[in-house]
Amino acid sequence: MKILAINGSPRLIGNTTNIVGDFLDRLNRDGFETEQEQIYGYDLEPCNDCRTCEMRGDGRCINEEDGFNDTLDKLRQADGIVLAAPAYQGTTPCVMRNFLERAGLVLSVSDKGLRGKVGCALTVCAHDGGDTAYAELIRWMMQAQMVVVGAAPAPVFRALNSPQYAEDKDAVKGMDNLAENFSWAVRNLADKRER
């Protein structure tokens, strides 16, 4: 079973990347194949609501040059999806919002390709906005009709520089709980789809 993590952080090696790495390590130990896709290196154009994706009906954005469609195809093929981003100015970074806007429109007017897939979110902030970014990622997954898994405490980390995230004991506990819940949900839903 395949888990794909979409990392919306502009830092190649920062808190978000390391948090996702730790989370995926837990899932690897549970026997999952994992991949982390760092989308900040892509030159993602914002969605201009041209509706070409709706007219084409093939589940793809008209912009074929920036890697977006390839990542969207990977999401469709994954059994579980992790969305991760830091909070900048109280929300996710612009590249993550661009990706979510485009993916949300393409999926909603085409195949609804993430419906029934298991998803979860991880966020980190230096001061505030982590809860807002977390809610943004969760809401997007719910609109994509995914099965969203949570944890208590929520995996919203407070940290400025990596590896400070490891000092947030509540968030680390939440991430451990989330890995357990997420693993259980992916396996159980996969079993039901195979029947």
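We did not get these values from a lab; they are worked out from the coordinates using the rules stated. Computed from a prediction, not measured in an experiment: that's the story for all the values here. Note that we place each Cβ from the backbone using ideal geometry, even for glycine, and neighbour counts take in every protein chain shown.
What the table shows:
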read-out	value
Selected from C125, I39, L27, residue furthest toward positive end of dipole (the chain; charges at beta carbon)	L27
Point-to-point label distance, Q89-R76, nm (Cα→Cβ direction, 7 Å offset)	3.4
Residue list for the range 62-92, given a label point 7 angstrom along the Cα-to-Cβ vector of A126 and an amide N cut-off under 19 Å	85-92
For G119, distant residues with modelled amide H under 5 Å away	I81, V147, V148, V149
Gaussian network model of the chain, Cα within-10 Å springs - most flexible of N15, N48, N69	N48
Largest-first principal axis extents, alpha carbons of the chain, Å	49, 44, 23
Exposed GluC sites (Glu not before Pro) absent - longest run of the chain, DSSP non-H/G/I/E/B, at most 12 other C-beta within 10 Å	66-195
Per-residue [θ]222 nm for the chain (sum of -39500 (n - 2.57) over DSSP H runs n ≥ 4, rounded to 500)	-14500 deg cm²/dmol
For the range 2-194: lysine pairs under 21 Å (alpha-carbon distance), excluding those fewer than 8 apart on one chain	8
Nearest-20 debye value, the range 1-93 charge dipole, Cβ charges on Lys, Arg, Asp, Glu	280
Computed E for E65/R11 - FRET, C-beta separation, R0 22 angstrom, nearest 0.05	0.35
Translational diffusion coefficient (Stokes-Einstein; Kirkwood radius from C-alpha pairs) of the range 6-60 at 25 °C, 0.890 mPa s, in µm²/s	178
Sorted by Cβ neighbour density within 10 Å, fewest at the top, the residues I138, I81	I138, I81
Whole-Hz ³J(HN,Hα) from phi, Karplus 6.51 cos²θ - 1.76 cosθ + 1.60, for the range 89-101, glycine and proline x	6, x, 8, 6, x, 4, 5, 5, 5, 4, 4, 5, 5
Considering only the range 2-194, percent of DSSP beta bridges that pair antiparallel, nearest 5	5
Euclidean distance between Cα centres, the range 87-117 to the range 1-65, Å	10
Loop-located trypsin sites (Lys or Arg not before Pro) in the range 1-87, at most 12 other Cβ atoms within 10 Å (DSSP)	R51
Extension gain from A135 to D111, taking 0.36 nm per residue of separation minus the Cα-Cα distance	6.2 nm
Cβ-placed point charges (K, R +1; D, E -1), dipole of the chain about Cα centre in debye, nearest 20	560
Likely footprinting exposure, L27, L114, L83, L189, fewest C-beta neighbours within 10 Å first	L189, L27, L114, L83
Two-site label geometry, K2 and Q164: point separation in nm, points 7 Å out along Cα→Cβ	3.7
